[in-house]
Ligand code: FRU
């Protein structure tokens, strides 16, 4: 047991003498009313701040027997006890305290993570059992298996104290729920284990992530870049911050580490905001993955390009380097697009030191719901992308009524076609196909497909419209406007409550080939062999399985899709 020598502070009783008393972390926890009463630990300015649920359970009688004195403050409605940092209270005592909190969090989440029923629940995309899912995290092939984590707030459809949910797969289609990988339990991540990437190092799976904490009623943000490791790929040990401080000239908005090998070094890329509110990449360098030195901020050549960049990725494909970034606050290329959060890729040139220059931004997805993607190198060398099918500011969707919101995109293989990234659904998706549906798409009006989950191909003629997920008064429209030479993806006639309703993609090709992946509440439209993709969540009634062609189309085929093994089922349900 770790022995803690705690310095009695005079905060509560100014007359009290200072003394030092050895005390274990479990003694401290008992003093605080037991593990279930300890909600959060923070560590601002060398002071130990512990949030409890119920102050009446805190054993004040122990104060005079040598326990640390505290001051009590209500922070956003929760009691926080501030102790002077006990002498000799070291990193491992803090981590031990974190693991006490983590055990409580895991038990609590297990008790509520039964998947809720919902007619909008995807049958083959990854969705959370309950609560809010956002970014995919730590997507990697490690020791013969694929691992995919995601940002998760299990208790409600809101953005709060994020966890890392964990799924594994052998085939990139069927995912198995694993125990929670990381919970917001420690002084460096108690307001959210934010996004990051994984690295496979022999037997060890390393997770680099951002620790998010908020201090006081002002919710001052403090950010560190942290490391957790696992030797079995399932249980993770947090090692704490590897980058505890901000680099010069950057606000606490610096996050989402991506680690890549570059020559003799490792580089860490972070999305960052400069103190003059420009989005940039921050680059760090390391030779052992534990000690990191700041290299530089990159991206000045992009000029004024949003007030913050999030979730970077970097990889080599077809002899060129590409970086992925999520710039916030850049101009949209269409009046229909009112959302500040964008996502796209740039060409990247790396110098020997690890400085990166970026050019030629292009959106990765021209649809409504695509953000914070990550890529990984599959066992066979393919570069595969998973994205968040959702957006940061939207939480009021029909599924939220049933207690869950957002999902991940279909996995997409990236290729470099003449310097541009092309995305196609991974080949494995075909394994979900049922028998091809015998179906002649004609102009006879509304026709019914058997299901909402399907994989469809069609060549649509200019001037034509395809309506999907349709019934009397609900449908999603995909139309080719001959005058503006654009494809319009329109979800006006759905159950949408917030977010844009139209997207427009300018197209100069004579032939428009569409491959459409559909699920209960989403459509992903791959245009001209994946040159463009438009992703959207589309909520319509369960029986809105109709299709209608207005105009001309050819080469139509459709395969209903089987469900994947339910990736939202937790092992305890
Ligand atoms: C992107 C993001 C990340 C952050 C995470 C928090 O959606 O804001 O920058 O790490 O979500 O959940």
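Peptides 244-252, 181-189, 455-463 ranked from most to least packed by the mean count of surrounding Cβ atoms within 10 Å: 181-189, 455-463, 244-252. Here region 24-157 was treated as a single set of alpha-carbon atoms; its pair distances binned every 5 Å from 0 give 2, 8, 15, 17, 15, 12, 10, 9, 7, 4, 2, 0 percent. Among 157, 311, 450, 118, the ranking by other beta carbons within 10 Å of each residue's beta carbon, starting with the fewest, stands as 450, 118, 157, 311.
Multiplying each eigenvalue of the alpha-carbon gyration tensor of region 375-422 by 5 and taking the square root yields semi-axes of 31, 13, 7 Å, largest first, rounded to whole angstroms. Taken over the C-alpha atoms, region 371-465 has Rg and Dmax values of 17.5, 47 angstrom. Once you reduce region 41-62 and region 223-274 to the center of their Cα atoms, the two points are 29 Å from each other.
Computed over the chain, the convex hull of the alpha-carbon atoms projects to a mean area of 26.8 nm².
Shape descriptor for region 216-308: Rg over Rh equals 1.02 (Cα atoms; Rh from the Kirkwood inverse mean 1/r).
Take every Cα pair under 8 Å whose residues are at least 6 apart in sequence, average their separation, divide by the length of the chain, and the relative contact order is 12 percent. Pairwise Cα distances in region 297-392 exceed 18 Å in 47 percent of cases. Its residue count N sets the reference 2.2 N^0.38 Å, and the alpha-carbon radius of gyration of region 120-427 equals 0.93 times that reference. For the chain, the longest principal axis of the Cα atoms and the long axis of helix 91-112 meet at an angle of about 50 degrees. Across region 433-560, Cα-Cα pairs farther apart than 20 Å form 38% of the total. For the peptides 403-415, 39-51, the ranking by mean Cβ contacts within 10 Å, running from highest to lowest, is 403-415, 39-51. The spacing between region 151-165 and region 454-494, judged by their C-alpha centroids, is 34 Å.
Taking the inverse of the mean 1/r over every pair of distinct Cα atoms in region 453-500 gives a Kirkwood hydrodynamic radius of 11.9 Å.
When the Cα convex hull of region 164-203 is projected onto planes of every orientation, the mean area is 4.0 nm².
Each value in this text was obtained by applying a stated rule to the coordinates, not by laboratory testing. All figures in this text were calculated on a predicted structure; none of them were measured in a lab. No Cβ is skipped: glycine too gets one built from the backbone with ideal geometry, and neighbour counts run over all protein chains shown.
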